[in-house]
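Each remark here refers to the structure printed beneath this line.
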Amino acid sequence: MTEFFSLFFGWVNDYLYTYILVFALLACGIYFTFGTRGIQFRFLPQIFKILREKSHEEHVSPFGALMISTASRVGIGNIVGVSVAISMGGVGALFWMWITAILGGASAFVESTLAQVYKRKDGEYNYKGGPAYYIESALGSRAFGIVFAVSLILCFAYGFNGLQAYTLTSIFEIYVGSESFQNGYFRVFMGILLALLVVGFFCGKNKSSAIISSILVPIMAIGYFIVAVIVIASNIEMIPSVFGHVLEKAFDFEAIFGGFAGSAMVIGIKRGLFSNEAGMGSAPNAAAAAHTTHPAKQGMVQTFSVFIDTIIICSATAFMVLCSQENLEGLQGMMIMQKVMQGHFGAFGLHFVSVAVVLFAFTSLIGNYFYAQVNFKFITQSKMALNVFRASAVIMVFLGAQIDFGLAWDLADVFMGLMALTNIVAILLLGKIAIVVLKDYEKQRKAGKDPQFKAADVGIQNTECWK
């Protein structure tokens, strides 16, 4: 049965990305880059001021929302995903990950701005929102909104969290030995342990997700980046040749079109989307939770998260792999990074990357569930149904620890692709609203004001929080 699922999801995965998503993601990113006049390049001078904005102590701040989305973005995709991309698509895959992030920054701005515009109150101090909510409010289609909500739940609660649980468990294979890991009860033990650990967070409040992510994510990201800088600095003479090799293989069109599904372009875009989630419809759920004075501010915050993810952390991982002298043949997934780090730093490197990925993966489990719960509440407010969903999400964490490498990645990729396609259709239909909001922000900034948003001033209807 497992073999059947592996073959089925592998085939769907190849078809979806090779013939549809590669072109849809690039076209969407190019369209919004022109539509926003390159917002992903123009926003940097303002972003740090926005992140310092304070909110009521019970609200999720812009910085907290950034950390929730970064907790989901920064993790398996940045560390294991990059090594998988290079091992499967060659070094040229890194270039296409960069392209996905640069163009996707504009898509991320649009979707997160829309989420802020159409967010709704969730209790006295919290907000909820995301594609399902802006689809219903702006397009007037609850059915379409439910389709997106279901696709996100499948992706994050089951696809991504299954992969996170698998990867977190696979970290220990190098410690316990392949025989014990594959044939013993270790994975069952890890599945039960992970399931017990996530219960408290899955049943807690959104604020707890923001607090744990706000503390752990910056520490993890900075620590990992420092280690990467040390590796790059000690191998600085290799960097020009590494860049040249990346560009050479990125444009090896004979290889690309000879086997497009496994080419650097397709693998790079696929792993780039998994890593930064730009245009996919996930980060807007965190963006909507933030308390801010203007929707465009949070759109810029989420664009910044895309850059943190791919341009900085993914690149750091890639350079560590490409500067490695280790023999990586026959290795896959987490074991590639463990071997690379062990080669650079000895036992410390092995233990450091193992601990880092454990923490990244665990915070991702929490962030992923946060996204799924917001969309579940869009479908129904039934507490009984929510408790059943929570139980199923916990069970999936256990099951994720039991599945194999291929099925874990294919399952996540297929659900991610279906969700991204749904969101791309929505933001292409609604993108002009985000552009109007951006123009209002820029107009107020030009007048020397701290932008304050009122939906009626720009002719936007059906908003709950911007009267």
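On a 0 to 90° scale, report how tilted helix 142-153 is relative to the longest principal axis of the chain, with both axes built from alpha carbons and the result rounded to the nearest 10. So the helix axis and the longest Cα principal axis differ by about 30 degrees. Dividing the helix sum by the residues of the chain, where each DSSP H run of 4 or more adds -39500 (n - 2.57), gives a mean residue ellipticity at 222 nm of -23500 deg cm²/dmol. The share of accessible area on segment 416-467 that comes from carbon and sulfur is 54 percent, using a 1.4 angstrom probe. Per-residue 3J(HN,Hα) values for segment 244-251, derived from phi via the Karplus relation 6.51 cos²θ - 1.76 cosθ + 1.60 with θ = phi - 60°, read x, 5, 4, 5, 4, 6, 5, 10 Hz in sequence order (x marks Gly and Pro). Computed from backbone phi, the HN-Hα couplings of segment 333-340 come to x, 4, 5, 4, 5, 5, 5, 4 Hz, rounded to whole numbers (Karplus: 6.51 cos²θ - 1.76 cosθ + 1.60, θ = phi - 60°; Gly and Pro given as x). What the chain shows is 39 Å² of accessible area per residue, with the surface traced by a 1.4 Å probe over protein heavy atoms.
Students often check this: by mean Cβ neighbours within 10 Å, which of 172-180, 243-251 ranks highest, and how do the rest follow?
Ranking, from highest mean packing down: 243-251, 172-180.
Using the Cβ-Cβ distance between Asp122 and Leu331 with R0 set to 41 Å, the FRET efficiency works out to roughly 0.40. Projecting label points 7 angstrom from Cα along Cα→Cβ for Ala447 and Gln402 puts them 6.1 nm apart. Averaging Cα coordinates gives a centre for segment 332-360 and one for segment 225-250; these two points are 18 Å apart.
Here the contact order of the chain, divided by its residue count and restricted to Cα pairs under 8 Å and six or more residues apart, works out to 36 percent. What the phi angles of segment 419-434 give under the Karplus curve with 6.51, -1.76 and 1.60, with θ = phi - 60°, is a coupling list of 5, 4, 4, 4, 5, 4, 4, 5, 6, 5, 6, 10, x, 4, 5, 4 Hz, glycine and proline written as x. When you count the other C-beta atoms within 10 angstrom of each residue and take the mean per peptide, 336-346, 385-395, 17-27 line up highest first as 336-346, 17-27, 385-395.
Applying 1/(1 + (r/R0)^6) with R0 = 30 Å to the Cβ-Cβ distance of Tyr175 and Val199 gives a FRET efficiency near 0.75. Taking amide H positions as modeled 1.01 Å from N, with prolines and chain starts lacking one, the residues under 5 Å from Asp122 and 5 or more places away or on another chain are Tyr127, Lys128. Helix 62-73 axis versus longest C-alpha principal axis of the chain: approximately 30°, rounded to the nearest ten.
The values are calculated or read from the model by the stated rules, or taken from the named source; none is laboratory data. Bear in mind the structure is a predicted one, so any value in this text is a computation, not a measurement. Glycine gets a Cβ as well: all are built from the backbone with ideal geometry, and neighbour counts include every protein chain shown. Side chains included, ligands, DNA and RNA excluded: accessible areas come from the protein's heavy atoms. Shrake-Rupley method; radii C 1.70, N 1.55, O 1.52, S 1.80 Å.
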